Amino acid sequence: MAANRRMKRMASSQPGFIKLKSVSGGDSLGTTRRKRLNKNKKKNWNKNIDINDVDEFLEDIRHQERTTGGLLSEKTDESLFFLDVGPPKKAERKVAPVEVKMRRGKPVRPLRIDLILQHDSLVAAPKDVLSYQLPNAKKLRRIAQKAEHLAAKGIVPRRQKKLLNLRPVEKTESKAVTDANNNPERDFYDIWAPEIKSTADPWYLQQTRKSRVKRPEKLNAKPSALPAVEVIAPGGSYNPDFFSHQALLQEAHDVEVKKQKAEDKLVRQLAVNKDHLATEETIFREQVEGLVEQEDDDDEEAGADDDGVIVGAIAQALKKTEKERRKERGEILKEQSRQADKEKTFRQQQLFQLRSIKTSIKQDEADTKVKQIQRKANQEAEKSQPRRLGKLKFQAQDLEVQLSDELAGSLRQLKPEGSVLKDRFKSMQKRNLIEPRERAKFKRRLKVKYQEKRAFREIT
């Protein structure tokens, strides 16, 4: 029996097989056994229940509401039926003028997409109940009723009495509420217009934190006097003048010559002098140094010991007598008087040198002014020079110049050179906005481990 069912199942799965409905009933392949459910449990009430008739009824009601605006059973006969008495007479026929758009003598039909988007339902939009509700509406209504009741009796509430007894305050202009950024009807705002100064008390603005913090003057100064975008020399054009192009080539040549001189200087400093190289003679002399002359040194040391004088203790200085002390004091007084006379004579001589002294003073003042002017010029020149902001020194970008045979006759044949990103990066370094940097070098922290897999080991 099981083999027979398996054969039938395989045959039915073959393409082109036509299934025939069996009339035997019970043991057919097309029929399924009905699942038995326990209906006395609440969780099985909604399972396997046919609710198609309920869905059809509700869909019919919704269809009536969309098309007629309500149920047909609730409509009157006059709204559903009308009496057809035939066409009206010619005299009574009044046709209202209908505005129809014409195109080439034919009426223009509305587009299908416009017809689809039209509102064809007669059901009114649902009312938003939340938009009509107020927070604490019941409490506010009770307060209003109580106020009306007291007003009818002529009683003034305590809060209102306090407000009436208060001193009248001068009305101040209310702050203008700024509109949202996405409001298309907001007023025009000029960001370059001068700022309106506040007339309020500075102390009040400072204590209430409504005044802006004073911006330091140093932040307003630019770190460099150079422009953000520097214009290249006229010789850098795609079709430059001959003299302008030659001047740019000379400038690029000077830069390369300066680099070459720096490299040559480094090579000269690191070069080894051939005169300082060791030869066989100098090597032999160093090896025998101290061996041949040792005997002569021993004889000289012995002779020095024989002729030497024994140095004893330092003799104690003799005490000065009263005569020597008077003589020493006299010499000191004579020296002081001599220095005073010399100073007096020098001052008297300066009276006759006033003209030369004035000339020297004027010369010093002129030199000081020249130095001040030079110092100011140096300070102005330093404003356009890159400063040392980090451990690296600023390296200027190479000049983008084309040789005479590389010049293009038109913009179509011009070859692009340089990089805009690199140019902006170097410009920011030159204007002291960022410190000079160099590309970070990748350094592997751990060693790379190589492992032979089994498949590779089997092949080798």
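Checked against a 31 Å cut-off, the cross-linked pairs K197/K222; K258/K415; K422/K443; K265/K447 give Cα-Cα distances beyond that limit for K265/K447. In plain terms, the bigger the Kirkwood radius, the slower the diffusion; for the stretch 338-460, with that radius from Cα pairs, at 10 °C and 1.306 mPa s, Stokes-Einstein puts D at 67 µm²/s.
How far, in nm, would the chain grow between K358 and I49 when pulled straight, counting 0.36 nm per residue and subtracting the alpha carbon separation? Mind showing how you got there, number by number?
Working: separation 309, 0.36 × 309 = 111.24 nm, distance 12.57 nm.
Gain on extension, K358 to I49, equals 98.7 nm.
With q set to 0.13, 0.17, 0.22 Å⁻¹, the log10 of I(q)/I(0) for the stretch 352-408, from the Debye formula over equal scatterers at the Cα positions, is -0.67, -0.79, -0.92.
For the stretch 248-293, the Cα gyration tensor yields ellipsoid semi-axes of 48, 7, 5 Å (square root of five times each eigenvalue, largest first, whole Å).
Laboratory data are not the source of any read-out in this text; all were calculated from the coordinates shown. Just so we're clear, the structure is a prediction, and the values are computed from it rather than from any experiment.
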